[in-house]
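Working notes, beginning with the structure itself.
The values are calculated or read from the model by the stated rules, or taken from the named source; none is laboratory data. All figures in this text were calculated on a predicted structure; none of them were measured in a lab. All Cβ positions, even for glycine, are placed from backbone atoms using ideal geometry, and neighbour counts span all protein chains on display. For accessibility, only protein heavy atoms count, side chains too; no ligands or nucleic acids. Shrake-Rupley method; radii C 1.70, N 1.55, O 1.52, S 1.80 Å.
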Amino acid sequence: MLLIVARAGLGYQCKMPAKDRSIVAAMLQYSEQYPRHGARRIRIFLRRDGLVLGRDRAARIWAGASLQVPATRTRKRYRSQNRQPHVATGPNEVWAYVP
């Protein structure tokens, strides 16, 4: 089966990777300097340097360069084994205990 395809489309090469190289290099530099900042904050730094780009494009380039802010590790809170911390040893010492 033959497909009808324009000859101009056969030799097409995307120009965006070449266009984005300078932006990716700047993003890498800023991500090393500020490892806890994401694409939104890095975009502000780039705008100050004169590289103006939209937030969707910044996020797309950030994800394409595999730059990711490391996730914070959640810590498990351990419960005390003693369920009733205040034990009355005499009268009027512990007047109320709410579990």
Please count how many residues of the range 60-70 are surrounded by 13 or more Cβ atoms within 10 Å (Cβ to Cβ) and in contact with a Gly (Cβ under 9 Å, 6 or more places away or on another chain). 3
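Would you point out the residue of the range 1-57, among those that are of a type in the set (S, T, Y) and under 30 Å from T72 (Cβ atoms), that is most open to solvent (accessible area, probe 1.4 Å)?
Kept after step one, since they are of a type in the set (S, T, Y), are these residues of the range 1-57: 12, 22, 30-31, 34.
From what's left, under 30 Å from T72 (Cβ atoms): 30-31, 34.
Working: Y30: 34, S31: 24, Y34: 79 Å².
Residue satisfying both the conditions and the ranking: Y34.
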